[in-house]
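Participant: This is the structure, below, for whatever I ask next.
The values are calculated or read from the model by the stated rules, or taken from the named source; none is laboratory data. Everything numeric here is computed off the predicted structure, so don't read it as measured data. No Cβ is skipped: glycine too gets one built from the backbone with ideal geometry, and neighbour counts run over all protein chains shown. Accessible surface is based on the protein model in full, side chains and every heavy atom, while ligands, DNA and RNA are left aside. Shrake-Rupley method; radii C 1.70, N 1.55, O 1.52, S 1.80 Å.
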Amino acid sequence: MVRSVYIASVEGNTGKSTVALGMLETLLHRTPKVGVFRPLVSSASERDYILELLLAHDGVDFAYEECFGVTYESVHDDPDAALEEIMRKYRSVADKAEAMVIVGSDYTDVSSPTELSFNARIAANLGAPVILVLGGRKSGGGGGRGLAESGPRTPEEVAAIYELATPELTKAHASLLAVVVNRAGEDDLTAIQEKIRKEAGNPELLVWAIPEDRYLVAPTLKAVMHATDGYLKSGDPQLLDREVLGAMVAGMTMENVLARLQEGAVVAIPGDRAETLLAVLMAHAADTFPSLAGVILYGGFELSEPVTRLIAGMDNTLPIIHSPLNTYQTTIRLTETRGRLAADSQRKYDTALSLFEQHVDADALAAALELATPEVVTPLMFEWQLIEQARSNRKHIVLPEGDDDRILRAASTILQRDVANLTILGEPFEVRHRAIELGLDISKAEVISPFDDVLRDKFAREYQRLREHKGMTLETAYDLVTDVSYFGTMMVHMGLADGMVSGAAHTTAHTIKPSFEIIKTIPDVNIVSSVFFMALSDRVLVYGDCAVVPDPDAGQLADIAISSATTASAFGIQPRIAMLSYSTGDSGAGSDVEKVRTATQLVRERAPELLVEGPIQYDAAADAAVAASKAPTSEVAGRATVFIFPDLNTGNNTYKAVQRSAGAVAIGPVLQGLRKPVNDLSRGALVRDIVNTVAITAVQAQHVEKIGGYHTKPITVLTDEEIAEANL
């Protein structure tokens, strides 16, 4: 039976899209197939932004046209017929899903006093319990009208709204599952929960309160541009996604404008006030003034050719938007522009999920919906398990490539969702300034220059000591450790970070060569290798080695198998190792088969606790029916989880074939065999890939700590001056 939940509000602008997104994430982590549905939309021709947001989520695979019911106009014409159509369209989606998130109407209709009643009636007829979303702020609970301000409601005011709303649900025979108060005052969260439970007369009622977040309700600069009928005249188009935290109309002298600039604000300047525009651009570029979101040149005036040329020579990235509106029109449009949680705003997306995860008990919601523990593991479930495992014992990861926007975007997501603690390498002002320009929050990250005098000196002395047998001098080491790969690796070696992730802008050799020299391999493992996690539709397999070792000999192949089994165990996958070949058992001969046979025997000798089979063909390792005829007595055949390929050519081609043909998600490569984790990114890595790799690295670091680790406490390396002072 499909499990469904109906998210309804009692007024507009409560931010129920945040709750809908959090609920969707909760279901996708526990159920393979989740659908979404909007019973009421404003227009059949204009796409609904909440529905688009939910459909854009990984793991939701439904067409937009099948996921909405009817328009408000249809309800006006014939409510009963509209309800029948809603039920029919809902059923066509629900029949293909195991769980459903249904999002109620937005109160944009003129008949809003009866809107909750109709939502309750829909929920009752669809058999979906209701999560009631109440607004924690006045003026509709949505932060007022755009950039205008409004205050929080008191706990008593919120409880009064609950008191008015629940009879509508009861009257329509709708079942209340939980109450979420969104955009509440930070200091009133507990008091709000207590007041509502008291009003309900039910101390066990599921009630949560989510605080207001200024970025989540702020409009993007792109939204402001559209609201003012403008276009981007100059500046970096990527910065149009930055949130606008305030607005000012620069209708005063230049000195007074500069004195009133605020962080994240958009400044509206008359198009014929070139001197004010130039002053604002210079202030934005200086570290003594706030960082602005953008400039709107209004009035329809064109800048003169000398001024345009001057701005071009300033290498300005701040977006300058040209608008034809006058002062009054511009001011009204700015104050009415509202923020929306949209699929293309990564910061809003991350913030919404983080708020939901921090303040709503997802396990309690899942239990209330009676969601069973899933028997399959989808790619999305595996990624969620990675994030959850990384969060359970946060580790410190260093990201050397602070000049790459993808790294900064991933860092913002990692920090927002508490996946790991981060150090980013780069010049602190430049890194933080770029993050602010992109509308990203990396304030929790440590940003260190690789030319930091103290660390550079300590790292150079330690590196020279490690490589002295190779003729390394202190002068050479002093220059070498400023390379970000060496600097990051030294941080890991000396206990200042638990792991490193790099490679978005550097080659694999550049990323991992320092780790071979400095961190070195685990005792009894003679080779660094790699695995891919292959997330199929219903399970996760481990493939090794598909990225590092071209043609391992039997001993190296045994090392790869043992390391891969250790990696699998660290991520909750029970290792059953298949040593792959073109023949199974004793059916074939030749040097290639003998290499695999010898490697299998070495694994049994070195790690007798592991289940291993080889040589074995892929079909016999993966398919129970084939295994029954080719290897009927094997404990691995037909149920292998770790697949070890005889060489890089076979492994690399196989993982790519499975990735493309079977639609598997390939997560990796994950390096293994090092004393501490260092992982390499593809230079085409997406933000999601970087987040996953950081989570994997953090889990590897947890495993190092669990088994005793190597240098798990920071090493203090004293300079000559410190040693002399200590001796005194």
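Participant: What does the extension gain come out to for PHE301 and ASP58, with contour length at 0.36 nm per residue minus their alpha carbon separation?
Facilitator: Fully extending the segment from PHE301 to ASP58 adds 83.0 nm.
Participant: Nearest 10 degrees is fine. How inclined is helix 428-437 to the longest principal axis of the chain, computing both from alpha carbons?
Facilitator: Helix 428-437 sits roughly 50 degrees off the main axis of the chain.
Participant: Expressed as a whole percent, how much of the Cα-Cα distance distribution for region 576-709 exceeds 25 Å? Spell out each step's value before the answer.
Facilitator: On the way: 3379 of 8911 pairs.
Above the 25 Å cut-off, region 576-709 has 38 percent of its Cα pairs.
Participant: List the residues, sorted by chain then number, that are 5 or more residues from GLY495 or on another chain and whose placed amide H is less than 5 Å from its amide H.
Facilitator: For GLY495, whose amide H was placed from the backbone, the distant partners under 5 Å are ILE715.
Participant: Another one. For helix 379-392, what angle does its Cα long axis make with the longest principal axis of the chain, in degrees from 0 to 90 and rounded to 10?
Facilitator: Once rounded, one gets 90 degrees.
Participant: Further question: Which entries in LYS458/LYS676; LYS458/LYS513; LYS656/LYS706; LYS348/LYS706; LYS520/LYS706; LYS16/LYS233 show an alpha-carbon gap greater than 25 Å? Walk me through the numbers on the way to the answer.
Facilitator: Values: LYS458/LYS676 20 Å; LYS458/LYS513 20 Å; LYS656/LYS706 33 Å; LYS348/LYS706 35 Å; LYS520/LYS706 19 Å; LYS16/LYS233 35 Å.
Check vs 25 Å cut-off fails for LYS656/LYS706; LYS348/LYS706; LYS16/LYS233.
Participant: Eigenvalues of the Cα gyration tensor times 5, then square-rooted: what semi-axes does that give for region 206-262, in whole angstrom, largest first?
Facilitator: 28, 18, 10
Participant: A further question follows. What angle do you read, to the nearest 10 degrees and between 0 and 90, between the alpha-carbon axis of helix 16-28 and the longest principal axis of the chain?
Facilitator: Roughly 30 degrees between the two axes.
Participant: Return the Cα extents of region 464-560 along principal axes one, two and three, sorted largest first, each rounded to a whole Å.
Facilitator: Ordered largest first, region 464-560 gives principal extents of 53, 30, 23 Å.
Participant: Label 7 Å along Cα→Cβ of THR633; region 591-618 residues with amide nitrogen under 16 Å?
Facilitator: 612-615
Participant: Further question: Starting from the 7 Å offset along Cα-to-Cβ, what nm value, one decimal, do you get for the label separation of GLN659 and GLU84?
Facilitator: Here the modelled spin labels are 5.2 nm apart.
Participant: Here's a follow-up. Using the Cβ atoms and a cut-off under 12 Å, what net charge is assigned to the surroundings of VAL596, where Lys and Arg are +1 and Asp and Glu are -1?
Facilitator: Charge balance in the 12 Å sphere: -3.
Participant: Give me Rg/Rg_expected for region 43-92, where Rg uses Cα atoms only and Rg_expected = 2.2 N^0.38 Å with N residues.
Facilitator: The value comes to 1.23.
Participant: Using packing as a proxy for protection, rank 481-490, 656-665 so that the peptide with the highest average count of other Cβ atoms within 10 Å comes first.
Facilitator: 481-490, 656-665
Participant: Determine the equivalent ellipsoid of the chain by diagonalising the alpha-carbon gyration tensor, then write out the semi-axes as square roots of 5 times the eigenvalues, largest first, rounded to whole Å.
Facilitator: Details: eigenvalues 472, 292, 101 Å².
Its equivalent ellipsoid spans semi-axes of 49, 38, 22 Å.
Participant: Label region 581-660 by shape, choosing from rounded, prolate and oblate, from the square roots a ≥ b ≥ c of the eigenvalues of the Cα gyration tensor; if a/c is under 1.5 it is rounded, and otherwise prolate applies when a/b is larger than b/c, oblate when it is not.
Facilitator: Rounded.
Participant: Counting pairs of Cα atoms in region 180-287, how many percent are more than 23 Å apart?
Facilitator: 49 percent
Participant: Of all accessible surface on region 203-338 at a 1.4 Å probe, what whole percent is carbon and sulfur?
Facilitator: 56 percent
Participant: Let me ask something else. Using only alpha-carbon positions, what ratio does the radius of gyration of region 343-478 give when scaled by 2.2 N^0.38 Å? List each step's numbers first, then the result.
Facilitator: Values: Rg = 20.2 Å, N = 136, 2.2 N^0.38 = 14.2 Å.
Normalised Cα radius of gyration, region 343-478: 1.42.
Participant: I'd like the distance separating the alpha-carbon centroids of region 1-35 and region 377-455, in whole Å.
Facilitator: Going from one Cα centre to the other spans 28 Å.
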